[in-house]
Amino acid sequence: MMTATTTYRNGQLFVEDVSVSALAERWGTPLYVYSRTMMGNQIRALAGAMAAVKPLICYSVKANSNLAVIDTFLKEGAGLDIVSGGELFRARKAGADPARIVFAGVGKTQDEIEYALKEGILFFTVESESEAVRISDCARRLGVVGRIAFRVNPDVDPQTHKYISTGKKENKFGLDLNRAAAAYAQAARLPNIELAGLHIHIGSQLLNPQPYAEALDKISGLCRDLKVRHASFQYLDIGGGLGIDYKPEQQALEPAQFAAVVLPRLQALGLKVVLEPGRSLVGNAGFLVARVEYVKPGYDKQFVVIDAAMNDLIRPALYQAHHEILAVRETADRITGDLVGPICESGDFLAADRELPAVGPGDYVAVRSAGAYGFSMSSNYNSRRRAAEVMVEGGRAELIRARETWDDLIRNETMFERRG
């Protein structure tokens, strides 16, 4: 599976016009590599498909929170979807306009709410009645108005992995339709609160647009009623979740397919539209490069041991996620085995029981579709330094995050000094 931005030239893998092996030799491995051109193409395609409703496209920062990635989308006119005070800090450091930021998440602290209120974000996505009360209390103390949009859970099966399904009644997110109507009525009486809109997000990695249609149909009546009752009610945030093709046999949910289903419903409601794409913008724009350390024969398969691990890319261990594996030096030869890392866990694999390119010690491999929920979910488990990140545009490559040093691992730690 290749894209327009990754190709083989004379037997070597290139990203745009840059040799992947040259990147690995220059900056070492593990190494995250991102195509800036593909990111721009992805957001422009979505904006074009949805142009009839002129949406505010708020890039979902949790997918990949590197400042250079955020800046790429800001330069394309995007707003931002954030889920923490830390992401708000990143957004502001990248130069984001707070009036184009929406703040989601089920556990916002008082400090985070006050930070966002002082910055003047567009609105909070509110998960519960008690959160609305907290925002009201904070806004009153600060002498400002808190704009909110309750997250409504339409109880729709998004047909995705259970860990990234967020719109079914058993999920922790949002309020059911009946409860939502009462929550809006209660919030309307709170001081320093403005009812800005309604939010839904039914899940991630959706490859079929029909769950969106079902969700919009379920919440349309409530939206119309709220629009009549509250002059401030003007936004419908339909979340993100558009899926990408992790496997060759998968078909990504293309913007045109998505738009064909949602546009008629959105136009009928006449509300301002907010979208929160993440994975669909960055997922296939990035990959993880690793060096092969050993090839170890096993009982009935081979283990290709690389210098990247589950701490660098946890999706395969966490979600049983599939990522295509490419040899950086092209080869038609194949083996059956596992691509594994050096971490002391049996779950430390990036591909299991798969056909893999036949590579040997010193070769490089590229783990595809790692631009979303790759580095942003990485950790220092086993005291491993987190990877470096590089962005490529045309024939230019820049380091956008330096590899951590050994000193970085203990920078905030101190010894416990026993006294007496």
Among (1) part of a helix (DSSP H, G or I); (2) over 17 Å from the mean Cα position of the chain (by Cα); (3) in contact (Cβ under 8 Å) with a residue 24 or more places away in the chain, the one test that Arg90 misses: (2)
Whichever residue in region 339-372 is of a type in the set (Asp, Glu) and touching a residue at least 40 places away in the same chain (Cβ under 8 Å) and, among such residues, is nearest to Val18 (Cα to Cα): Asp363
Checklist (1) in a loop (DSSP other than H, G, I, E, B); (2) surrounded by 17 or more Cβ atoms within 10 Å (Cβ to Cβ); (3) in contact with a strand residue (DSSP E or B) (Cβ under 8 Å, 6 or more places away or on another chain) applied to Tyr373, failing item: (3)
Single unsatisfied condition, Arg147 versus (1) crowded, with 18+ Cβ neighbours inside 10 Å; (2) part of a helix (DSSP H, G or I); (3) over 21 Å from the mean Cα position of the chain (by Cα): (2)
Filtered residue count, region 1-45, keeping only those that are at pLDDT below 95 and surrounded by fewer than 18 Cβ atoms within 10 Å (Cβ to Cβ): 4
Residues satisfying the stated conditions in region 99-129, i.e. of a type in the set (Lys, Arg) and under 10 Å from Val83 (Cβ atoms): Lys108
Matching entry among Ile113, Ile101 (being over 20 Å from Ala372 (Cα atoms) and either within 17 Å of the chain's Cα centre (by Cα) or among the hydrophobic types (A, V, I, L, M, F, W, C) (or both)): Ile113
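One line per residue, one yes/no per condition, for (1) among the charged types (D, E, K, R); (2) in a strand (DSSP E or B):
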{"site": "Glu25", "(1), (2)": "yes, no"}
{"site": "Ala47", "(1), (2)": "no, no"}
{"site": "Ile57", "(1), (2)": "no, yes"}
{"site": "Ala68", "(1), (2)": "no, no"}
{"site": "Val106", "(1), (2)": "no, no"}
{"site": "Ile113", "(1), (2)": "no, no"}
In region 175-205, residue farthest from Asn153 (Cα to Cα) [restricted to those that are within 19 Å of the chain's Cα centre (by Cα) and modelled with pLDDT under 95]: Gln205
Selection status of Ile306, among the β-branched types (Val, Ile, Thr), modelled with pLDDT of 95 or more and closer than 29 Å to Val102 by Cβ: no
In region 135-144, the residues that are surrounded by fewer than 18 Cβ atoms within 10 Å (Cβ to Cβ) and either touching a helix residue (DSSP H, G or I) at 6+ places or on another chain (Cβ under 7 Å) or over 15 Å from Asn192 (Cα atoms) (or both): Leu142, Val144
Selected residue (only one of Gly79, Gly11, Gly48 is in contact (Cβ under 8 Å) with a residue 40 or more places away in the chain and in contact with a Cys (Cβ under 6 Å, 6 or more places away or on another chain)): Gly79
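Matching residues to (1) touching a Phe, Trp or Tyr at 6+ places or on another chain (Cβ under 8 Å); (2) charged (D, E, K, R); (3) under 20 Å from Tyr246 (Cα atoms); (4) assigned by TED's automatic domain parsing to the domain that holds Gly240:
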| site | (1), (2), (3), (4) |
| --- | --- |
| Arg26 | no, yes, no, no |
| Gln42 | no, no, yes, no |
| Ala45 | no, no, yes, no |
| Gly48 | no, no, no, no |
| Lys54 | no, yes, no, no |
| Ser60 | no, no, yes, no |
| Ala63 | yes, no, yes, no |
| Glu76 | no, yes, no, no |
| Gly85 | yes, no, no, no |
Lone qualifier among Arg354, Arg384, Arg368, Arg403 - being charged (D, E, K, R) and either touching an Asp or Glu at 6+ places or on another chain (Cβ under 6 Å) or loosely packed, with under 12 Cβ neighbours inside 10 Å (or both): Arg368
Which listed residue, of Gln267, Gln257, Gln234, Gln250, is modelled with pLDDT under 95 and in the same structural domain as Leu175 (by TED's automatic domain parsing): Gln250
Every residue from region 115-131 that is of a type in the set (Ser, Thr, Tyr) and either outside any helix (DSSP H, G or I) or modelled with pLDDT under 95 (or both): Thr125, Ser128
Positions within region 51-71 being under 23 Å from Leu313 (Cβ atoms) and touching a residue at least 40 places away in the same chain (Cβ under 8 Å), in sequence order: Tyr59, Ser60, Val61, Lys62, Ala63, Asn64, Ser65, Asn66, Leu67, Ala68, Val69
Which listed residue is at pLDDT 95 or above, basic (Lys, Arg) and surrounded by 21 or more Cβ atoms within 10 Å (Cβ to Cβ), from Lys62, Lys75, Lys93, Lys108: Lys108
Some residue of region 279-296 being assigned to a loop (DSSP other than H, G, I, E, B) and touching a residue at least 60 places away in the same chain (Cβ under 8 Å): no
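The values are calculated or read from the model by the stated rules, or taken from the named source; none is laboratory data. Since the structure is predicted, the reported quantities are computational estimates derived from the model, not experimental observations. Positions of Cβ are generated from backbone atoms using ideal geometry, with glycine treated the same way; all protein chains shown enter the neighbour counts.
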